[in-house]
Amino acid sequence: MKKVYPLEDKCLGCGLCEVYCRTAHSKSKDIVKAHKRETTFSAITIEEVLTPKTIKYFALSCRHCTDPKCIMACISGAMFKDKDGIVKNDKNRCIGCLSCLLVCPFGAIKKGADGKAVSKCDLCIELEEPACVANCPNEALKLENVK
Amino acid sequence: MKCLIIGNGAAGINAAAAIREKNKHAGITIISDEGIEVYGRPLISYYLSGKVSYEQIFYKGKDFYNEQKIHLDLNTHIAQINLKEKIAVSTDGKTFPYDKLLLATGSVPFIAPTKNLTNQKNVFTFLTFDQADKIKHAVKPNSKVVIVGGGLIGLKAAEALHGKVGSITVVDLADRILASILDKSAANLIEKFISKKGINFILGKSVGEVYGDENVQKVILSDGQVLDCDILIIAIGVRPNVELAKNAGLEVKRAIVVNEKMQTSDPDVYAAGDCVQTRELLSNEEKILAIMPNATAQGQTAGFNMAGEDIALNPSTSMNAISFFGLQLICAGLTGGQEDNLFVDENEYKLRRLNIADDTLKGFVLINDIARAGIYTDLIKNQTKLSELEYDLKQQDIGLNVYNKKERHDKLWEINQ
Ligand SMILES: Cc1cc2nc3c(=O)[nH]c(=O)nc-3n(C[C@H](O)[C@H](O)[C@H](O)COP(=O)(O)OP(=O)(O)OC[C@H]3O[C@@H](n4cnc5c(N)ncnc54)[C@H](O)[C@@H]3O)c2cc1C
């Protein structure tokens, strides 16, 4: 399978990956409407690295682990791995207990915008390329085969 | 090969899936004395409140058993196991032969000896779907509900019934709620929040006696205080369900004794979930860790080994993610007694407490300030030296930036992990 990998040295922290992730997961698929009228949530987050002299950034999203701890911790069975190896969250069954957040060693899972379900990367399988990768202006996100 | 699994909970079902993953042909039978397919046990409180429908409680998809070729016998209680002949026998005399057996029998509710408590109709425990369903049908808008036990299960029952009944009173012998997982500062904050919703707490007292023959009408506390009661829910705690194992002659201490492969004292009999004791990471002692993440991991490990693999269980620790009326609590490890490293914002109901000792993180409690908590959990699991991290955990929110650039890169790119 392929995964999205961040390149820390290239990340400008511009946040476009977040913007396009939110848009891709909105109902309208419209960048303005998605941000003004919908409560979609970005599954990728710009994280800051503060050093004494500079601020650096990297973009963090679900690693789709080989042995996902989030699936083992899920109390409802909502979190599962599909046949392609993508770790998915069935929003209809997620009750938002955040047991997945409790065990994700990357800190890549967030409480959803609806306050209930959990929000995480689905690799934009319906698109040719994940929205975050396609719209990163500095090629700081790479879609690569898992080694 | 015939694999027999007693118990259709998180441990049992994950064991079955693991066996099937490694062995396409093994016969797999799961036996359950409950009447429905595997459901998320913690979801019974959401079912009781109505937040989750009957259809939504199921832990696996409808076709799971069929697809995985797992035979499921519902409403069947195993009364006895004969280790020599390798058969399990149900209450109605049916026999189930096995080559490998898994005991995934879970927990039973603990009921403290209480004067006059018999089998009154309005007394409930809160561990199964069936019990939740019975409570759902028994409560009336004016019911006075008394819940004995201010632990996770008691509080979840209280939350579920909030707004549906006349009054809810939670009684607990400890000086605080959630006493087994929280220190006083965190417990008090949550108690304050839940109290505001209109739930009454009586702490430091136990129920010594009940009054009423067919139905409990009054509850008498250890100090003589009398409470009117229409519905009594007993949620003091759970005990590992070890009776079958004990009677069969397997080694049982506080719970069923297993090795790293989840094998009991009989090498063809495995056990997993709430009914076993396993090595706890921080104390290095055998403990009962009756929570979902451990039940699933233990079940999976047992299943792999039953299918012939050689896999050891990773030691784990206690951990919980729960919300009460929207107040989010996440904690793991040893909460510790001291008030060090405590950050509280009473008005926002925010709290963060890190239990740091010997240059390692031993535990944490987070309330309403929970972002990236899993990184703390990972620091506990790996017992990472805190002095080697990029910053002081007490000074800054947690993030992957706590690791140096190379380590972070290797983690994200899964190099040498
Ligand atoms: C209300 C509630 C809320 C909870 N919330 C959380 C939470 O938020 N997070 C968390 O981590 N954990 C939570 N837990 C705990 C969690 O549900 C358990 O740790 C987990 O279900 C244990 O799984 P198990 O497979 O070991 O046992 P169980 O799920 O208890 O399954 C055991 C099964 O075996 C059956 N059985 C037993 N003996 C026999 C027999 N002789 N014959 C046939 N069948 C038998 C039982 O009927 C039962 O169906 C909660 C529990 C409850 C009750």
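The values are calculated or read from the model by the stated rules, or taken from the named source; none is laboratory data. If you're wondering where the values come from, they're calculated on a predicted model, not measured in any experiment. Glycine also receives a Cβ, built like all others from the backbone with ideal geometry; neighbour counts cover every protein chain displayed. The accessibility values were calculated without ligands, DNA or RNA, using every heavy atom of the protein model including side chains. Shrake-Rupley method; radii C 1.70, N 1.55, O 1.52, S 1.80 Å.
Brief remarks follow.
- Between amide H atoms placed 1.01 Å from N, distances below 5 Å from B:SER323 occur with B:LEU329, all of them 5 or more places distant or on a separate chain.
- Under a model in which nothing but the beta-carbon of Lys, Arg (+1) and Asp, Glu (-1) is charged, region B:284-417 shows a dipole of about 180 debye around its Cα centre.
- Entry note, region B:1-96: relative contact order of 27 percent, from Cα contacts under 8 Å with a spacing of 6+ residues.
- Taking every DSSP beta bridge that has both ends in the protein assembly as shown, the antiparallel portion is near 65%.
- Rounded to the nearest 500, the helix-only mean residue ellipticity at 222 nm of chain B stands at -6500 deg cm²/dmol, with each DSSP H run of n ≥ 4 adding -39,500 (n - 2.57).
- Residues losing 20 Å² or more accessible surface upon assembly, region B:272-307, compared with the chain by itself, 1.4 Å: B:MET292, B:PRO293, B:THR296, B:GLN300
- Fully extending the segment from B:ASN82 to B:LYS197, taken as 0.36 nm per residue of separation minus the present Cα-Cα distance, adds 36.2 nm.
- Shape summary: chain B maps onto an equivalent ellipsoid whose semi-axes, from the alpha-carbon gyration tensor, are 34, 33, 19 Å in decreasing order.
- For region A:2-142, the relative contact order comes to 30 percent (Cα pairs under 8 Å, sequence separation of at least 6).
- Separation of the B:ASP397 and A:LYS56 label points, Cα + 7 Å toward Cβ, nm: 2.1 nm
- Counting Lys and Arg as +1 and Asp and Glu as -1 over every other residue whose Cβ lies under 13 Å from the Cβ of A:LYS33, the net charge comes to +3.
- Residues of region B:335-378 falling in the label zone of B:SER387, defined by backbone nitrogen less than 20 Å from a point 7 Å along Cα to beta-carbon, are B:341, B:355-363.
- Size of electric dipole in region B:137-184: Cβ of Lys, Arg +1 and of Asp, Glu -1, about Cα centre, debye, nearest 20: 220 debye
- In region B:75-170, the chymotrypsin sites (Phe, Trp or Tyr not before Pro) that fall in loop regions by DSSP, at most 13 other Cβ within 10 Å: B:PHE110
- Placing dummy labels 7 Å off each Cα toward the beta-carbon, the span from B:GLN68 to B:THR91 is 2.6 nm.
- Positive dipole terminus of the protein assembly as shown, leading residue within B:GLY363, B:GLY151, B:GLY336 (C-beta point charges): B:GLY151
- Debye equation applied to the C-alpha atoms of region A:2-142, log10 I(q)/I(0) at 0.09 Å⁻¹: -0.27
- Equivalent ellipsoid semi-axes, the protein assembly as shown, via Cα gyration tensor eigenvalues times 5, rooted, Å: 39, 30, 23
- Positive end of the dipole of the protein assembly as shown (Cβ unit charges, origin at the Cα centre): among B:THR29, B:LEU244, A:LEU123, the Cα lying farthest that way belongs to A:LEU123.
- Taking label points 7 Å from Cα along the Cα-to-Cβ direction, B:THR118 and B:ASP268 give a separation of 4.5 nm.
- Listed residues B:ASN116, B:TYR98, B:VAL139: farthest to the positive end of the dipole of region B:1-156 (Cβ charges): B:ASN116
- Point-charge dipole on Cβ atoms (K/R +1, D/E -1) for region A:2-142, about Cα centre, debye to 20: 360 debye
- Percent carbon-and-sulfur accessible area, chain B, ignoring ligands, DNA and RNA, probe 1.4 Å: 46 percent
- Normalising by residue count, region A:81-143 has a Cα convex hull of 122 Å³ per residue.
- Of all DSSP beta bridges in chain B, antiparallel share, percent nearest 5: 55 percent
- Note on region A:44-119: Cα-Cα pairs beyond 17 Å make up 47% of the total pair count.
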